[in-house]
Each structure stands twice: as structure tokens, then as C-alpha cells.
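For reference, the structure is listed below as C-alpha cells.
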């Protein structure tokens with residue numbers, strides 16, 4: 001394999017839908033052997049529990065960075081979540097970064113748990129950091145909840161980076177204030193990526209932080225030409241359509257796309273009443289129809305497509321727009337192996353030498369935000 005590590009690149013484990021989580025073990029080993037720097041783990045309430053997946057990747061690898069991207073603070077008690085992160089941190093020898101996101105409000109309504117707010121996220125992160133640094137949390141009554149007494153271990157002094165998933169301006173600002181790393185959303189145009197990077201770093205500076213201390217990950221849908229046509233449609237058109245089904249307004253607003261195009265998508269006969277997620281059950285015929293009739297081409301262009309060399313060039317575009325690192329999204333390590341080979345040939349020598357293996361840290365030797373430093 002490569003014999004060389006690319007800490008600036010990441011991928012997701014069990015990309016998309018998976019009923020066989022054991023596949024993650026082989027994926028993690030292959031990702032590490034290819035030189036991919038980090039593997040990110042999303043959580044779904046079926047066969048993708050964040051803690052179990054992180055443990056599998058930790059056990060299967062020795063140098064690969066691991067990031068939870070993401071779980072939600074409202075689905076576990078904060079002491080349980082803090083324990084999960086501490087365990088993964090120590091098991092991995094410091095390769096683990098803990099990630100939070102807002103999730104889906106409608107799903108939380110159905111589950112009977114509160115929808116996530118920025119104030120809750122900030123409060124929850126503060127609780128975790130105090131616990132990780134050996135502090136007891138007593139008599140807490142804040143946005144994240146009412147907790148009479150929380151404590152892990154007074155001897156703890158755990159440097160666990162916190163990742164925040166972000167789309168909208170408010171979350172970008174929050175990330176700049178409190179996060180060690182930021183994972184942006186798939187299908188950001190290069191212009192949107194540049195704006196998001198500027199907003200995060202500006203918010204950090206206003207909070208008295210070093211803007212360069214935050215590691216910002218672009219998430220680039222990567223669909224290389226050697227994949228079968230049906231799979232390419234599912235990973236590009238199907239994924240975009242699924243995002244538009246769930247939170248299209250947020251994605252369209254972030255990109256400053258025309259809301260009228262979103263309305264045309266939503267009112268398309270195929271979309272109305274569709275019985276599931278397009279990236280899970282969409283047929284080749286249906287996805288082709290969506291591409292040709294319902295989704296603007298420039299929306300889909302916010303991705304990496306074409307030959308392996310063309311995809312690698314699009315990765316370089318993300319760095320030119322201000323990202324520190326890039327997640328090659330929606331593809332397994334096997335599927336992106338040709339892109340990694342192409343990246344090796346055009347990779348700027350020395351440009352990424354400062355990046356550590358941990359995906360939540362922006363440079364080697366940097367400590368995560370400490371409890372006393374939070375705004």
C-alpha cells in the first residue's frame with residue numbers, strides 16, 4: 001500500500017447505509033494502509049452506535065485518527081457520553097476526537113427528547129470538559145439539563161478534542177467560540193466553504209482564541225468514474241436528494257442557492273410522498289429523473305466527480321478555499337483508493353506536515369480547549 005500517511009485526508013466508516021457493521025473492521029485497516037489520516041463515524045439508530053464503532057476502529061488500527069461525526073448530546077446522559085469519550089480517548093492513545101451535531105428535530109420529537117439548540121450544545125460541551133479534567137459538576141441547572149451531581153474521577157486530566165458539525169451561521173459562530181475542530185456539510189460550494197472558514201475563524205478571534213487553532217474539515221462528496229453507474233447516481237444524486245428531503249432549506253440557505261429551485265424539487269411528482277430516503281431505495285431510473293428534472297446541475301457540481309485525477313484536483317480546491325483537511329465523503333476506502341493514488345502525485349510537499357493524527361487538533365502539540373478558557 002502507500003507506506004505514507006496523509007493526515008489531511010479523512011473518510012467515513014460504513015459510508016451511507018449498512019446492515020453489517022462488522023465491515024468497519026476491514027474498512028479501518030484498509031484506510032490506514034492506504035494512508036488516509038482519519039476515519040469519521042456517524043451514528044444512526046440501527047446498527048451504528050458511536051461508541052461501539054469507535055472501539056472497533058481503535059482495536060483494528062494503530063495510527064488512524066478517529067472522529068465521532070456525529071452523535072447528539074440529548075440522546076445520552078452527559079456522564080454516559082463523557083465516559084464513552086474518555087474510554088475511546090484512552091483506548092486510542094489520544095487518536096480520538098469527540099463530535100456533536102444538532103441532528104434532526106422531527107426525529108427527536110418522535111423520540112420524545114428535546115430538540116437541540118446552540119445553548120444546549122455549549123452547555124453540554126462545558127460539562128464534558130469539566131468532567132474530563134477531573135472536576136465535579138454539582139447543582140447544575142442549565143440549557144443541557146438539571147444535574148445534581150456529576151463526577152468521573154478527580155485524577156482525570158484528559159485532553160479530548162471536541163468537533164462540532166456545522167451548516168448554518170449560528171452553528172459556525174458557536175464552533176468558532178467553543179470547538180477544537182469543525183466538520184462542515186457535504187455539498188458546500190467552494191464559495192460557501194470559503195465563507196464558512198472565514199466566519200468560524202472570525203468568531204474564534206472575537207472570543208479571544210487563536211483562529212488557526214481550529215481544524216476545519218471540508219466534506220467533499222467523492223464519486224469517481226470507475227464506480228458503476230447506479231452506484232454513482234446513488235452516491236451523488238441520491239445523497240443530495242436525501243439531504244434536500246431532510247433539511248433542504250438549511251443547505252440551500254448556506255449555499256445561497258435559489259429557494260425556488262428547492263420548491264421545484266419538493267413539488268416534483270417523484271418527490272412528493274416518496275416512501276423513503278433516495279440514497280437508500282432510489283432506483284437508477286428514479287435518480288436519473290431527479291438529476292435531469294429536479295436538481296440543478298450546479299448544486300451537484302459541489303462535489304468531486306470524474307477521473308481519479310479530477311477528483312484529486314477537487315480536493316486541492318478545498319484547501320485553496322481555506323479548509324485544513326478534507327473528508328472524502330460517501331465512499332468506502334476501496335472506492336476512493338484510486339483518488340488517494342492520484343492525490344499522492346499532486347500533494348503539495350510539506351504543506352500538511354503540521355497536522356497531527358487526531359482529527360480534532362490543528363497542529364502537533366496543541367492542547368484542546370480547556371474548561372477555564374471557554375466563553
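The values are calculated or read from the model by the stated rules, or taken from the named source; none is laboratory data. Quick caveat: nothing in here was measured; it's all calculated off a predicted structure. Ideal geometry is used to build each Cβ from the backbone, glycine not excepted, and the neighbour counts take in all protein chains shown.
A few notes on this one:
- Verdict on residue 113 being in contact with a strand residue (DSSP E or B) (Cβ under 6 Å, 6 or more places away or on another chain) and free of Cβ contacts under 8 Å to residues at least 60 places away in the same chain: no
- From the list 86, 117, the lone residue that is modelled with pLDDT of 95 or more, within 22 Å of the chain's Cα centre (by Cα) and assigned by TED's automatic domain parsing to the domain that holds residue 45 is 86.
- Set 55, 10: member being crowded, with 17+ Cβ neighbours inside 10 Å, out of contact with any strand residue (DSSP E or B) (no Cβ under 9 Å at 6 or more places or on another chain) and at pLDDT 95 or above: 55
- When residue 277 is tested against (1) in contact with a helix residue (DSSP H, G or I) (Cβ under 8 Å, 6 or more places away or on another chain); (2) at pLDDT 95 or above, just one condition goes unmet, and that condition is (2).
- Candidates 69, 56 - the one that is over 17 Å from residue 161 (Cα atoms) and in contact (Cβ under 8 Å) with a residue 12 or more places away in the chain: 56
- Taking the range 224-239 as the range and being out of contact with any strand residue (DSSP E or B) (no Cβ under 8 Å at 6 or more places or on another chain) and buried (at least 20 other Cβ atoms within 10 Å of the Cβ) as the test, the residues that pass are 233, 234, 237, 238.
- Per this entry, residue 169 is not counted among residues that are assigned by TED's automatic domain parsing to the domain that holds residue 215, over 14 Å from residue 102 (Cα atoms), touching a residue at least 12 places away in the same chain (Cβ under 8 Å) and surrounded by fewer than 17 Cβ atoms within 10 Å (Cβ to Cβ).
- Reported count of residues in the range 58-83, each being in a strand (DSSP E or B) and modelled with pLDDT of 95 or more, is 4.
- Look at (1) surrounded by fewer than 17 Cβ atoms within 10 Å (Cβ to Cβ); (2) in a helix (DSSP H, G or I); (3) within 24 Å of the chain's Cα centre (by Cα) and you find that residue 276 fails only one, number (2).
- Within the range 21-48, the set of residues being at pLDDT 95 or above and out of contact with any strand residue (DSSP E or B) (no Cβ under 9 Å at 6 or more places or on another chain) comprises 22, 23, 25, 26, 29, 33.
- Per-region count, the range 116-163, residues on the phi > 0 side of the Ramachandran plot, touching a residue at least 24 places away in the same chain (Cβ under 8 Å) and loosely packed, with under 15 Cβ neighbours inside 10 Å: 0
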